[in-house]
Every structure is written in C-alpha cells, then in structure tokens.
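In what follows, a single structure is set out as structure tokens and then discussed.
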Amino acid sequence: MLNFNTINIIFVSLLIGMVGYHFFHHIPIYFFILLVIAYLSFLVYGSYNVRSNFYLKTISAAPIGRKSIALSFDDGPHTSLTPRFLQVLKEYDVKATFFCIGKQVQENKALCKQIFDEGHVIGNHSYSHDLWFDLFSAQKMTEDLRQMNQVVSGITGVSPRLFRPPYGVTNPNLKKAIKNNQFTPIGWTIRSMDTVAKDREKLLKTVIKSLKPGAILLFHDTCKITLDILPAVIEQVRQRGYQIERLDKLLNLEPYA
C-alpha cells in the first residue's frame, strides 16, 4: 500500500534518476514540474482521505462478517440539538459515539455529562477544531488534544482514547500528536455529508444504500436534518437485519484511558 514514506522513496529515486539522466541528456524542465505536481497530488490525496492510511493508520471499519454497524456524531455537543439526539437514541435504545469539540464541551458541561451517563462514548475531536488546525505544529496539536481530554476528564473522570481528526485531514504533525497522546485514530466507512445536505429523503437513501457489515457511520449532532432522519435511519438499519453497536464494542477497543 502506498503511504507517505513509500511515496517519498519513489519520488526521491525518480528525481535522482532524472537529474542523473539530465546530466548526460537534456530533459525538458516541464518533466521536473510534472514530477513535483504528481508528488503534491499524492500528498493532498493522502491528507484529505482519512481512509487512505497515507500518513497514519486509521480504523474506518470493523473487519467482521456479522451485520453490525456503529453510529458516530461529530462537532458537538450542541446546546439545543444534542439533547434531542440523545432523546431519540434513548427511545430506540441505541448507544453511539460522540466525537466532541473541547470548546463545545467547556460551554456544555452538563450535556457532556449526560452523554456519558447515558452510556454513549465520548471521543476526542480536538479542543479548538480551528480552521487552521491542519497547519498547527505537532506540539501545538499535542497541546490542543490534551486540553480536550483534560476538559472531559474534569467532567466525567475519564480521558478519551478514541480520536477523530478535525475535517478528517491527516498529516505528519498530526501523526506525532496522536502518538504523543496515545490515541486510537478513528475514521469512517460512510460519510453522510449531512452538513451540506438539503434533502432528507436523499440523505436517508444515501446512508442506507451504503450499509455493510462493520460500517462506521459519520453524522453530526449539530445538523437538524440529521435529527430529522435519525429515527428512520435506525428503523431501516434494523429492518435490513443490522444491529447497532457502540463503536468501542464493534471495534473491540478500550474507549478511555
């Protein structure tokens, strides 16, 4: 499988070979430009595809044959919407994983405690979820992730071990931060794109038609459209013979340190 180290070796080897060849036979400059463009294209692809395992290995599905899936929600807790998500999950007796943003937790401490007390998993989705998070240094990322854990630990008494990268973007600095904090990076199998969805029926069909054993579904508890379709998602998942398991159970992982 191609990853960051492999791509570096390949492109450095090609560059050395081209420079050597250029010494004896002239190579047009655009060949070198094309090589750089190809290299950058691989880096961009690896950064923005969390399932590529380009910079670090992420868990994006459970390698199982049984018809079980897990629900996950990013970017909360949301003051008004998250309690309504929790009510739906309680009514259907479903446990989910909430990858929370630390600054949101700081403003909604009681809600964070409710998520935890009702048996859902709280994961780390960074403290700041800053627009420029991906440009942070490894040390700044490390501090950001630790700050998120400290907030959650102060409320629940546990420190999350499951981490989902903000925006799903990975890079070498994030790899170091994850290692420094001993997190387990989590991706997804089905990205609902609920943050940009406008049509409830279309969103529901997109999710349901993508179901497969071991799938991790990505939603956001900051989206009203997701709240609107959540009962139908649960019902149709079960109608198709699937069970909904808590993410840590599906993956057989410890959720907290």
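Miscellaneous remarks
Here's the yes/no breakdown for (1) on the phi > 0 side of the Ramachandran plot; (2) over 17 Å from the mean Cα position of the chain (by Cα); (3) free of Cβ contacts under 8 Å to residues at least 12 places away in the same chain; (4) outside the structural domain of Trp132 (by TED's automatic domain parsing):
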| position | (1), (2), (3), (4) |
| --- | --- |
| Ile155 | no, yes, no, no |
| Pro166 | no, no, no, no |
| Asn181 | no, no, no, no |
| Arg191 | no, no, no, no |
| Thr195 | no, no, no, no |
| Lys202 | no, yes, yes, no |
| Tyr242 | no, yes, no, no |
| Arg246 | no, no, no, no |
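- Residues located in the stretch 25-55, provided they are surrounded by 17 or more Cβ atoms within 10 Å (Cβ to Cβ) and within 30 Å of Glu107 (Cβ to Cβ): Ser47, Val50
- Condition check for Lys179: of a type in the set (D, E, K, R), within 23 Å of Lys249 (Cα to Cα) and in a helix (DSSP H, G or I): yes
- Residue match in the stretch 98-118 (condition: closer than 24 Å to Arg191 by Cβ and touching a Lys or Arg at 6+ places or on another chain (Cβ under 7 Å)): yes
- Leu86 in contact with a strand residue (DSSP E or B) (Cβ under 7 Å, 6 or more places away or on another chain) and modelled with pLDDT of 95 or more: no
- Output for the stretch 1-31, where each listed residue is touching a helix residue (DSSP H, G or I) at 6+ places or on another chain (Cβ under 8 Å) and either among the charged types (D, E, K, R) or within 18 Å of Ser47 (Cβ to Cβ) (or both): Leu2, Asn3, Phe4, Ile7, Phe11
- Listed conditions (1) farther than 19 Å from Gly123 by Cβ; (2) touching a residue at least 12 places away in the same chain (Cβ under 8 Å) are all met by Asp93, apart from (2).
- If the condition is being surrounded by fewer than 16 Cβ atoms within 10 Å (Cβ to Cβ) and among the small types (Gly, Ala, Ser), then the stretch 194-228 contributes only Ser210.
- Residues being of a type in the set (A, V, I, L, M), part of a helix (DSSP H, G or I) and either buried (at least 16 other Cβ atoms within 10 Å of the Cβ) or outside the structural domain of Ser153 (by TED's automatic domain parsing) (or both) - total across the stretch 89-126: 4
The values are calculated or read from the model by the stated rules, or taken from the named source; none is laboratory data. Predicted, not measured: the structure shown is a model, and the values here were computed from it. Quick reminder, even Gly has a Cβ in these numbers, built from the backbone with ideal geometry, and neighbours come from all protein chains shown.
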